[in-house]
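S.K.: Got a structure here, written out as structure tokens. Questions coming.
The values are calculated or read from the model by the stated rules, or taken from the named source; none is laboratory data. Just so we're clear, the structure is a prediction, and the values are computed from it rather than from any experiment. A quick note on method: Cβ atoms are made from the backbone with ideal geometry, for glycine too, and the neighbour counts reach across all protein chains shown.
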Amino acid sequence: MQDHTEQHLDKLAKKVMQSTSLEKPSLDFTANIMAKVEGITTSDITAYKPLISKRSWFVIAILVIGSLSYGMLGGLEGLGWFEKIDLSVISDNKITDAISGMTFSKTLIYAIGLCGLVFFIQIPMMKHYLDKRLEY
């Protein structure tokens, strides 16, 4: 019974397909579509804007480097509040004691330094590559 129903539906579908004609698009269909596509503008909402601008990162870096160098050069020794802070925790702990007993060869130090340098060179290169790849 089900086979008979499928045959009937198949014949009906063929009859409907033969009775209808294919619609053809107008001659300027492609031109109209392209005009609409070119008319679409990208919104500013989707534009990427970093939370912290490059100028702000530069100012932050200058402040950090300046304060570290000021502290290392002895500029903070004369301040009374700085002398009250106990910084012996940084130098007197189990980790620094374990590391101070170790010796590293120059080759290992050069290898670690070179790997670090290559790592920080590859980050901007990979970012540039991925940004170019994701452009539309």
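Residues are listed down the side, and each one gets a yes or a no for (1) out of contact with any Phe, Trp or Tyr (no Cβ under 6 Å at 6 or more places or on another chain); (2) farther than 29 Å from G71 by Cα; (3) at pLDDT 90 or above:
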position: E83; (1), (2), (3): yes, no, no
position: V89; (1), (2), (3): yes, no, no
position: I99; (1), (2), (3): yes, no, no
position: L114; (1), (2), (3): yes, no, yes
position: H128; (1), (2), (3): yes, yes, no
position: D131; (1), (2), (3): yes, yes, no
position: Y136; (1), (2), (3): yes, yes, no
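S.K.: Check whether at least one residue in region 42-50 is surrounded by fewer than 10 Cβ atoms within 10 Å (Cβ to Cβ) and modelled with pLDDT of 85 or more, and report yes or no. Spell out the reasoning first.
M.R.: Let us first name the residues in region 42-50 that are surrounded by fewer than 10 Cβ atoms within 10 Å (Cβ to Cβ), namely 42-50.
After this cut, where a residue has to be modelled with pLDDT of 85 or more as well, the list is none.
Looking for residues that are surrounded by fewer than 10 Cβ atoms within 10 Å (Cβ to Cβ) and modelled with pLDDT of 85 or more, one finds none in region 42-50, hence no.
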